[in-house]
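**Student:** Sharing a structure here in C-alpha cells format.
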Amino acid sequence: MKQPIPKNEDERVWALTEFDIDYSDSAVLLKDLVELAAKIAGTKISLINLIDTYTQWTVADFGLPIEQMGREESVCQYTILNNEGFEVKSLSSDERFKDKFYVVDNPNLEYYFGIPLTTNDGFNLGALCVLDTTAKEISPEKVELLKIVAKEVVNRLATIKYIQGLKSKVNQVHENNKKMAHDIRGPLSGIIGLAQMVTDQGQSQKLDDILEIMKLIHRAGKSLLDLATEILNAEDQHARGVIQTSDFTLINFKDKLEKLYTPQAASKHINFLLDIKVGQELKPIPKNKLLQIAGNLITNAIKFTPQNGTIKVDLSIRTDSNAKHFLEIIVSDSGVGLTTQEIDEILKGTKASSNGTTGEQGYGFGLSLVKRLVDELKGNMSIFSEKGNGAQFKITLPQ
C-alpha cells in the first residue's frame, strides 16, 4: 500500500528540523498537555507524536508508554495530510490499520482521533492524538478543546526553539568578544615590539625625547595587552561555565543515539555499534542539529542494511594543521551499497527515495535533508561506497 505523503513534505520535514527537538528529552515540557487531552476526550490514552522522514517519535504520552514506531506503521501519518482532525472509529475494521501490531496485539487499540500540530506557517509537525480500546464519540465541543491543546503544544515547541536561539546568540556574542580580543592582541603586540625596538635604539643614541615618548607608548600598549588578556581569560572562564551547565559531550551524544535508534536496529536484528575515540568521551560539543543529522543517517543505514547486518557509528574530535577543531561523525553499514551515480545524486540533493531491504517505505527527504543541514553548519559530507558492499557516510563539522 502506497504511503500517504503531504504535498509540502520536503518543507514540512525541514520545518520540523528547524525546531531542533531532542525527541528523548521533551516529555517533561509537554506532560500536562498530553494528560489534559486524554481527560478532555475521555480516552485511556493520549500521545503527542512528531513525524520526521522515517520515524514517528512520541515525545509525550499518557496511558501508553511508547517512544517511537516506523512512520509507515502509524495512524498519525494520515492526520498530517491536512489541517482537519482525522478519526478512525474502528481500527480493527479499517483495511489500513487492522493488521497493525497495536491493533492485533496489546494494547488492542480500536479508536483513534488526531489533531495535526500545525505551525503558523502551515506545516504539520505531527499530531496530538487520543486513543482507546473501545468505541468512542467525541463531541464538536471537545474537538475544539483538543484543537486548543494542540495549538498550545506547538506554542511550547516554538518557545523552546526561541530559547535555544537566544542561547546561540549569547554564545555568538561571547565568540565575537574572543575574536575582538584576539584581534586587539595582534597589533598591540606589534606596537609594543616596535616601541621596545625604538626604545633600545634611543638608549644607544641618547635621544632623550624619543626615549621618553617610547616609554609611554610601551607602557600604554602593555596595559592594553593586559586588558585584552583579561578579556580572553574571562571568556574562557565563562565558556567553562557554559560547558558545565549545558554538559553536552560526546558521551551524551552517544547515549542519546543509543536510546533513540537501538530499538529500530533491534527490530531488524541489526548489530548497532557506537564508538568514541579514546580519551574524548567528555569533549564538549554544540548540540545544534546533531541529532537530526546523525539520526537520519542511522535510520537510512537501518533501512538499507539487511537483517543480521552491522551498523557502526564513530564519533571523534579532530584538529587540523591550523589548530581548528572538527566534529567527525562516521556512519558505516554492511548494507546494499550505492553506485557512483547514486552518490552523486545524494550530494547534489537529487536522489529519489527507494524502498528498504525488507520493503520499508521511502519518503524521499532523508539524505538530502542531511546534506542541507551539513551545508547550513558549514560542514562537509563525504560518501564512500560500492554497490553490494555497504556504505560509509562521513560528516565533518567545524567546532
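The values are calculated or read from the model by the stated rules, or taken from the named source; none is laboratory data. Just so it is clear, the structure is predicted and the values come from calculations on it, not from any experiment. A quick note on method: Cβ atoms are made from the backbone with ideal geometry, for glycine too, and the neighbour counts reach across all protein chains shown.
**Student:** Scan segment 252-277 for residues that are over 16 Å from the mean Cα position of the chain (by Cα) and not hydroxyl-bearing (Ser, Thr, Tyr) and report the count.
**Tutor:** Residues meeting the conditions: 14.
**Student:** Where the second residue is at pLDDT below 95 and basic (Lys, Arg) and the first is over 14 Å from residue 391 (Cβ atoms) and assigned to a loop (DSSP other than H, G, I, E, B) and lies in segment 285-314, which pairs have Cβ atoms under 8 Å and are six or more apart or on separate chains?
**Tutor:** Listed pairs, sorted by first residue: 307/268.
**Student:** Count, please, the residues in segment 81-94 that happen to be out of contact with any Leu (no Cβ under 8 Å at 6 or more places or on another chain) and modelled with pLDDT of 95 or more.
**Tutor:** Residues in segment 81-94 being out of contact with any Leu (no Cβ under 8 Å at 6 or more places or on another chain) and modelled with pLDDT of 95 or more: 9 in total.
**Student:** All but one of (1) crowded, with 17+ Cβ neighbours inside 10 Å; (2) modelled with pLDDT under 65 hold for residue 175, so report the exception by its number.
**Tutor:** In the conditions (1) crowded, with 17+ Cβ neighbours inside 10 Å; (2) modelled with pLDDT under 65, residue 175 misses (1) alone.
**Student:** I've got another one for you. On the basis of being among the acidic types (Asp, Glu) and in contact (Cβ under 8 Å) with a residue 60 or more places away in the chain, does residue 328 make the cut?
**Tutor:** Taking the combined requirement at face value, the residue satisfies it.
**Student:** Scan segment 380-399 for residues that are over 16 Å from residue 302 (Cα atoms), touching a residue at least 40 places away in the same chain (Cβ under 8 Å) and buried (at least 20 other Cβ atoms within 10 Å of the Cβ) and report the count.
**Tutor:** Total satisfying the criteria: 2.
**Student:** Something else about it: Which count do you get for residues in segment 344-369 that are surrounded by fewer than 18 Cβ atoms within 10 Å (Cβ to Cβ) and modelled with pLDDT of 85 or more?
**Tutor:** Qualifying residue count, segment 344-369: 3.
**Student:** Here's a follow-up. When you scan segment 94-116, do you find a residue that is in contact with a Ser or Thr (Cβ under 9 Å, 6 or more places away or on another chain) and on the phi > 0 side of the Ramachandran plot, even just one?
**Tutor:** For segment 94-116, residues in contact with a Ser or Thr (Cβ under 9 Å, 6 or more places away or on another chain) and on the phi > 0 side of the Ramachandran plot: present.
**Student:** I'm trying to understand the selection: among the residues of segment 1-39, which are more than 17 Å from residue 64 (Cα to Cα) and of a type in the set (A, V, I, L, M)?
**Tutor:** Within segment 1-39, 1, 5, 13, 15, 16, 21, 29 meet the criteria.
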